[in-house]
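Some notes on the structure that comes next.
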Amino acid sequence: MAKFCGNCGKELKEGQSICLNCGVQTGEPVKNRTDQFALVGFILGLVSIVTWLIPLFGLGTGICGIVFSVKGLKSIVNKTKAQVGLILSIIFLAITVVWSSCVTCINISNFYDTVNDTYDRYDYDYDYYY
Ligand SMILES: [Zn+2]
């Protein structure tokens, strides 16, 4: 059965959700986009449970998870998923930020220790030669 665009009347292919002739969305979208956003947000929220260990990944998935979940909150079918995704994303984004700043602090203090060790050795050598 051929379908026709409600706006311009051009024939549509099966599964086509936007008319190629006039760009208007047809009456039968394959899936509601907010439902998909909610699902993506939910998945990203779950992924962030693991990715917070790697600061860059954690930040990426956390922020994307929040963005998609917020868009997905308008979804009726997947509203709960969007809410769970949003909560998970926020929690693990916070953990990522705390964790990455801890890692940075440890690295900086290690760096200073190394520098101090070098200075100590230098002083020692200096005293030794004179
Ligand atoms: Zn059309």
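Things to note:
- The residues Phe68, Phe111, Phe57, when put in order of fewest to most other Cβ atoms within 10 Å, stand as Phe111, Phe57, Phe68.
- Each of Cys64, Cys8 was scored by other Cβ atoms within 10 Å of its Cβ. Listed from fewest to most, they are Cys8, Cys64.
- Angle between the chain longest axis and helix 33-51 axis [Cα atoms, degrees, rounded to 10]: 20 degrees
- Summed over qualifying helices (DSSP H, 4 residues or more, each -39500 (n - 2.57)) and divided by its residue number, the chain shows a 222 nm mean residue ellipticity of -24500 deg cm²/dmol.
- With neighbours defined as other Cβ atoms within 10 Å of a residue's Cβ, the residues Thr34, Thr80 order from fewest to most as Thr80, Thr34.
- Cα centroid separation - region 90-108 against region 46-82, whole Å: 18 Å
- Taking 4.7 Å between C-beta atoms as the pairing limit, the chain has these partnerless cysteines: Cys64, Cys102, Cys105.
- GNM top mover of Gly60, Gly15, Gly45 - the chain, alpha-carbon springs below 10 Å: Gly15
- Per residue, the convex hull around the alpha carbon atoms of the chain comes to 145 Å³.
Just so you know, all these numbers are worked out from the coordinates, no wet-lab data involved. Here the structure is a predicted model, which means the values were calculated and not measured. Counting neighbours? That spans all protein chains shown, and the Cβs are built from the backbone with ideal geometry, glycine included.
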